[in-house]
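Enquirer: Here's a structure for you.
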Amino acid sequence: MSSSSFWQPSKATDSKSSPWGPGMDLGLKSDFSGAHNSLPASLRMLEEHVGLIQSESMDLQNDPRFFQGNVLNKRLSAFSGLSVVSGLMVGTCSAVISMKKDVNFVSFEGTMQLASFSMMSVVLFLNVMATYVSVAQIYHTYRLETAGPTGFEMATSYYLNPNIVAWRHLAVKCMLNSLPIFLISTGIRISVNFERLVHEPEMPTAFIARCLSLTFLGSYFLAGCVVYYVHQKHMAIFRENYETVKEQELPYLRHVHTLMSSRRRAGHAPDV
C-alpha cells in the first residue's frame, strides 16, 4: 500500500485554507476512520437542513498548560455549586404542577392558595434561570479554555464579557433570593392544608378557572421566552469570542507551520 493511500483530502475541503499546509487538514478522510465515521441519513438531515446538530467539534489539542491550575478554574469551581443547588430546587419546585388548582377568591384559603401557587411559580422560574446560566457558562468557558494555544484568553474574554458577568451575578441572586420565597410558599401551603381538614373548599366558577389558566399560561410562556433569549445571548457571545480569536490566530499558525515545512523541504541535516 502506497503512503498516499493513507491520507486523501476531502473534496469539500480547501487545502489552501489549512494552517498545516497543502493536503494536511482536519477534514481529511483516512483508512483509519472506520466503518462508522459517516453520519446516518437522519442525523445528516438534522445537520445539513435543520441545523439542529453539528458533527464537527472545536479544535482538540493536548496542550500541557490545560492541566495546570489557574484562577479561572477556581472561580468556575465555586460557581458550579450554584448549578447543583438550583437544579435541586427546580426538582422540588416542579411540585407546583401537582398542586390543587381549586382556587376561589371568596374565601381566605383560596386567596392564600393562589399566593402560594404564584410564589412557587416564581421560585421555579428563578431556579430554572440560575440552572441554565450556571451550566451554560461553565460549559462554554471550559470549551473555550481547551480550544487551542489561546484558549485561556478566549475563555477569559467570554467570562469577563459584560453580558456574561451580568447574567452570572443575576443567576446567583435568583438562586439565593428564591430560598426564602420557597419557605414562605411552603408555609402557606401547609396552612391551607390544615384549614382544609376542617372546611371543605368551595369550587371556583368556570370563568375564574379560565382566567387563572390563561394568566398562568401567559406567564409561563413569557418565562420560556426569557430563558430562550438568555440562551441565544450566551451562544452568540460564545461563537463571537471563538471566531474572533481563531481568525487572529490562524494566520500566525499558518506562518509558523509554513516555516517548519520549508525547513523540512530544505533537506539540511541537523548539526547537533
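Enquirer: If I go through segment 133-161 residue by residue, how many of them are part of a helix (DSSP H, G or I), open to solvent by less than 60 Å² (accessible area, probe 1.4 Å) and touching a Phe, Trp or Tyr at 6+ places or on another chain (Cβ under 9 Å)?
Expert: 13
Enquirer: So H199 clears everything in (1) assigned to a helix (DSSP H, G or I); (2) open to solvent by 50 Å² or more (accessible area, probe 1.4 Å) except one condition, right? Which one?
Expert: All conditions are met except number (1).
Enquirer: Specify the residue that is modelled with the lowest pLDDT; the eligible residues are those in segment 29-71 that are over 27 Å from Y142 (Cβ atoms) and touching a Phe, Trp or Tyr at 6+ places or on another chain (Cβ under 9 Å).
Expert: Out of the qualifying residues, it is K29.
Enquirer: Return yes or no: is I164 in contact with a Phe, Trp or Tyr (Cβ under 7 Å, 6 or more places away or on another chain) and either at pLDDT 85 or above or surrounded by fewer than 12 Cβ atoms within 10 Å (Cβ to Cβ) (or both)?
Expert: Yes; evaluated as a whole, the condition is true for this residue.
Enquirer: Output yes when any residue across segment 173-181 is under 16 Å from Q113 (Cα atoms) and either out of contact with any Lys or Arg (no Cβ under 8 Å at 6 or more places or on another chain) or surrounded by 12 or more Cβ atoms within 10 Å (Cβ to Cβ) (or both), and no when none is.
Expert: yes
Enquirer: Working only within segment 235-272, note down all residues that are within 24 Å of N163 (Cα to Cα), among the aliphatic types (A, V, I, L, M) and either modelled with pLDDT of 80 or more or open to solvent by 100 Å² or more (accessible area, probe 1.4 Å) (or both).
Expert: M235, A236, I237
Enquirer: With respect to Y229, is the statement that it is over 17 Å from T111 (Cα atoms), among the aromatic types (F, W, Y), touching a residue at least 40 places away in the same chain (Cβ under 8 Å) and in a helix (DSSP H, G or I) true?
Expert: Considered against the rule, which asks whether it is over 17 Å from T111 (Cα atoms), among the aromatic types (F, W, Y), touching a residue at least 40 places away in the same chain (Cβ under 8 Å) and in a helix (DSSP H, G or I), Y229 comes out as no.
Enquirer: Only one residue in V84, V90, V123 is at pLDDT 85 or above, closer than 23 Å to A223 by Cα and assigned to a helix (DSSP H, G or I), so which one is that?
Expert: Going through V84, V90, V123 in turn, just one is at pLDDT 85 or above, closer than 23 Å to A223 by Cα and assigned to a helix (DSSP H, G or I): V123.
The values are calculated or read from the model by the stated rules, or taken from the named source; none is laboratory data. Since this is a predicted model, take the numbers as computed values, not measurements. No Cβ is skipped: glycine too gets one built from the backbone with ideal geometry, and neighbour counts run over all protein chains shown. Protein only, heavy atoms only, side chains kept; ligands, DNA and RNA dropped before computing areas. Shrake-Rupley method; radii C 1.70, N 1.55, O 1.52, S 1.80 Å.
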